[in-house]
1. Looking at (1) surrounded by fewer than 17 Cβ atoms within 10 Å (Cβ to Cβ); (2) in a helix (DSSP H, G or I), which one does residue 201 not meet, given that it meets all the others?
2. Determine whether region 240-247 contains at least one residue that is part of a loop (DSSP other than H, G, I, E, B) and surrounded by 18 or more Cβ atoms within 10 Å (Cβ to Cβ).
3. Tell me which residues, restricted to region 186-211, are without any contact (Cβ under 8 Å) to a residue 40 or more places away in the chain and over 20 Å from the mean Cα position of the chain (by Cα).
4. Which one is modelled with the lowest pLDDT among residues in region 27-84 that are in contact with a strand residue (DSSP E or B) (Cβ under 9 Å, 6 or more places away or on another chain) and assigned to a loop (DSSP other than H, G, I, E, B)?
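The values are calculated or read from the model by the stated rules, or taken from the named source; none is laboratory data. The structure displayed is predicted, hence computed values, not measured ones. Note that we place each Cβ from the backbone using ideal geometry, even for glycine, and neighbour counts take in every protein chain shown.
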C-alpha cells in the first residue's frame, strides 16, 4: 500500500520503488567502481604496467589513482542496494503472508561464489609465487576471504546480515528511527575504537556492525520511496546540476580524506544522485543515461 509522507516541500511515497532496469544500472555502476578500485588503487601504483600507463596528473597524482580513492565506497554500495532490494522482497512477502526464503537466497549466492572460485582458483595454481596449495579447507578459506582472496572479506558479514534480514527488516519496517539510531551508534562506536584506540572486537562482529549501517540505509531508501522520488525530479535542470555538483564535492572529499568513516552516507548520496542523472536521456544534446 502506497502512503505519502510530506517533509518540508518534498513528498515521499512509502513503498514506492525504482524499476528493475534502474536497479541493474546501479549494480553496473557498482561493478565499474569496484574494478576501478582494484585496477587503479593504492596497491596497483607500484606495478610496472601502472607506471608505464599514460594518465592525466591531478595534484601530483595520476587521475586514475585519485578517482580510485572515491571507489572505496563499492562495498557499501553493494550492501546498500542489497538492503534496498531485500526490503522490497520483505514487503511483498509480508503482504502475501509468506516467508522470505532466505536459505534459498543464501544457497544461490554461495553457488555463484563457488562457481567463480571454481574458475579462478585453479588458475592461481599456475603461479607458484602465490604459494597456494590445493586443499579443501584452503578453498573454503579463500572463498570466504580469510586467505588469499581478501577482497571478499565482506562476504562473511553479509551472509550473517542476510540470514538475519527478516528480523532486521521487520525492525526497519516498524521502528525505522530506533533501528537506524542503534545501527549508527554501533557503527561509530566500532570506528571510534578502531581509529582512536586501536581496539578491535571480534573481527566478524566489527564487520557486521560496519555493514549493517549501509544495509539499513538501503532499506530506508526503499521504505520511504526516496529513490523513486529522486527519479521523479530527474527532469529538473536544477536537480541535475545539484547532483553533478554534489558528486564532484564527494570526489574531492574522498581525494583529500580517503578514510572510510562516512562511506555509508556517501554511498547513499551517490546512489540518489545517480538515479537523478539516469533518467536524463537527452539534455542539451548531452546523453547521460548509459544502459547496462
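1. It is condition (2) that residue 201 fails.
2. As a first pass, look at region 240-247 and keep what is part of a loop (DSSP other than H, G, I, E, B): none.
The answer is no, given that none of the residues of region 240-247 is part of a loop (DSSP other than H, G, I, E, B) and surrounded by 18 or more Cβ atoms within 10 Å (Cβ to Cβ).
3. Once the filter is applied, which keeps residues that are without any contact (Cβ under 8 Å) to a residue 40 or more places away in the chain and over 20 Å from the mean Cα position of the chain (by Cα), region 186-211 yields 189, 192, 193, 194, 196, 197, 198, 199, 200, 201, 202.
4. Residue satisfying both the conditions and the ranking: 45.
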